[in-house]
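Working notes, beginning with the structure itself.
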Amino acid sequence: MFGNRWHILIILFVARAAMGFQFQTIASVALSLREHLAVGSGEIGTLIGLYMFSGIVLAFPGGLLVRRYGDRLLCLAGLLLMLLGGVVLGLSDTYAMALTGRLVSGSGAVLMSLALTKMTTDWFAGREIVTAMSILLTSWPLGIALALVTQPPLAQQFGWSWVMHAAAGLCGVAAGLIGIFYRPPPAVSTDAPSAASDSFVLPPRAEAIPVIVAGFIWGVFNLGLIAFFSFVPPLLTEQGTNLPDAASLTSLALWVMIASVPAGGYLVQRSGRPDAAVMLFSGLAGSALLALCGFPGFALLLCMALGISFGPPAGAIMAMPGRVLRPENRAVGLSQFMVAYYVTTTVGPALAGLLQDRMGPAAPVLLAAVLFIGIVPLVLMFRAMVPGPGQSGRSGPSPTAGTSRQQSSS
């Protein structure tokens, strides 16, 4: 039943949705958790951010572990850590215990996310890689959206701890699906553990440098999204919109984005011009954010336009490493991609918050606009090092040549 690559993608989608569902747990029960642990908003914010913090430390060694032990095993290990961390957090009576649980679950999420990205690349490289990555990326906001609908009522009915246990249980379900049904694609044997002597071999510079540039593109894109969802509501409030309406306008962009990411990925795949799509829609997003700062009366239209603009670049950016890395280098190369992403998204929000404190609520939104427009020169830098899809220019065999030959027989 699960021999088809699209069936495999469903399994990976469920696993990544579980990560989004677990990430949202702290925000969903923040008031109850503050009262139970006797902490303030700052400590709650630390718990939220801790989920991704370990990515800076774990992403690169995680890639080495994926190469050494295989992506399926590391994905399972990550999901089990997410389960364990969720249970610990649900049983927490002290802030230190809650920090421990969140750090464990976040560490597992980093390992799982790295393994899922490699699994998807292995199955779809040379095929519908942009479409597949776009669908996979949709799982994160969908998991958060599911959490927004289900977690507050669950906490009200049974208590905040059951929200944590429910998220842990979903991670367990995902682990069962991966353990039972996942297998590596027949054209790629990189799921098999490598020899210990090969585990620490880095990709050559011709692959590593463009992959790291792609990682910064992904980090800048996500930093722009974080700035939008975090700082546009205060801006709209200062411009005269009441707080509930400001929150609704921002969430509208999220719901439009859930549809525009897979739809945009499919259209970008059909167009055969992913780099042009990334530059075009990133530029449109930046322009819409600039307009939002100056024309609040058009906030509804601009938020809808932003939700549409956020969609097409996502899968195309995530597909960039697959255009560069040979199969045997994907595990470590993708870890370099993720390190650049985690560094950008960890340092950036602090800078945006500092700008808000020093210059007012419009400053981080202007920063987000600059970030989206700044993606254009980064993509041009990537293009200068890597031929576009369908072009030749790299010496040696293409990293997707093996899978491309299989396409006609699928």
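The values are calculated or read from the model by the stated rules, or taken from the named source; none is laboratory data. As the structure is a prediction and not an experimental result, all values here were calculated from the model. In this analysis, Cβ positions are derived from the backbone assuming ideal geometry, glycine residues included, and neighbour counts consider all displayed protein chains. Accessible surface areas use protein heavy atoms only, side chains included; no ligands, DNA or RNA. Shrake-Rupley method; radii C 1.70, N 1.55, O 1.52, S 1.80 Å.
Just how large is the dipole of the chain about the Cα centre, in debye to the nearest 20, putting +1 at every Lys and Arg Cβ and -1 at every Asp and Glu Cβ?
About 1100 debye.
Which value, in Å², gives the accessible area per residue of region 220-353 when a 1.4 Å probe is used on the protein heavy atoms?
Per-residue value: 36 Å².
Packing-wise, with mean Cβ within 10 Å as the measure, how do 253-259, 57-63, 102-108, 35-41 rank, highest first?
Highest to lowest by the protection proxy: 102-108, 57-63, 253-259, 35-41.
May I ask you to evaluate 6.51 cos²θ - 1.76 cosθ + 1.60, the Karplus curve with θ = phi - 60°, for each residue of region 219-228 and list the ³J(HN,Hα) values in order in whole Hz, giving x for glycine and proline?
For region 219-228, the Karplus curve yields x, 5, 4, 6, 5, x, 5, 4, 5, 4 Hz.
Got a sec? Charge dipole of the chain, +1 on Cβ for Lys and Arg, -1 for Asp and Glu; which of 210, 236, 179 is way out at the positive end?
About the Cα centre, the residue reaching furthest to the positive side is 210.
Based on a Kirkwood Rh over C-alpha pairs, give the Stokes-Einstein translational diffusion coefficient of region 101-248 at 4 °C and viscosity 1.567 mPa s in µm²/s.
My calculation gives 67 µm²/s for D.
Take the alpha-carbon positions of region 33-89, form their convex hull, and give its projected area averaged over all directions (one quarter of the hull surface) in nm².
Averaged projected area of region 33-89's Cα convex hull equals 4.5 nm².
Separation between the residue 27 and residue 5 pseudo-spin-labels, each 7 Å from Cα along Cα→Cβ, expressed in nm?
3.3
Sort 72-80, 262-270, 110-118 by packing, meaning the average of other beta carbons within 10 Å per residue, with the highest value first.
110-118, 72-80, 262-270
Any idea of the accessible area per residue across region 31-105, 1.4 Å probe, to the nearest Å²?
44
What are the ³J(HN,Hα) values, in whole Hz, obtained from phi via the Karplus relation 6.51 cos²θ - 1.76 cosθ + 1.60 with θ = phi - 60°, for each residue of region 118-126 in sequence order, with x given for Gly and Pro?
Rounded to whole hertz, the list is 5, 4, 5, 4, 4, 6, 10, 4, x.
Could you work out the Kirkwood radius for the chain, taking every pair of different alpha carbons, averaging 1/r and inverting it, reported in Å?
For the chain, inverting the mean 1/r across all distinct Cα pairs yields 21.6 Å.
Taking every alpha carbon pair in region 297-350, what does the distance histogram look like in 10 angstrom bins from 0, in percent?
P(r) for region 297-350, in whole percents per bin: 19, 32, 31, 14, 4, 0.
At a 1.4 Å probe radius, carbon and sulfur cover how many percent of the accessible area of region 218-318?
C and S fraction of accessible area: 72 percent.
Which of the listed residues, 385, 28, 284, is farthest toward the dipole's positive end in the chain, when Lys, Arg count +1 and Asp, Glu count -1 at the beta-carbon?
Ranked along the dipole, the leading option is 385.
Using the per-residue mean of other Cβ atoms lying within 10 Å as a proxy for protection, in what order, highest first, do the peptides 322-329, 173-180 fall?
Descending packing order for the listed peptides: 322-329, 173-180.
Round to a whole number: what % of the accessible area of region 83-159 belongs to carbon and sulfur, probe 1.4 Å?
About 74 percent, which is the carbon plus sulfur part of the accessible surface.
Go through region 241-255 residue by residue and turn each phi into a ³J(HN,Hα) via Karplus (6.51, -1.76, 1.60, θ = phi - 60°); whole Hz please, and just put x for glycine and proline.
Here the 3J(HN,Hα) series is 7, 6, 4, x, 5, 4, 5, 5, 5, 5, 5, 4, 4, 5, 5 Hz.
Got a sec? Charge dipole of region 42-155, +1 on Cβ for Lys and Arg, -1 for Asp and Glu; which of 120, 104, 70 is way out at the positive end?
Checking the options against the dipole of region 42-155, the answer is 70.
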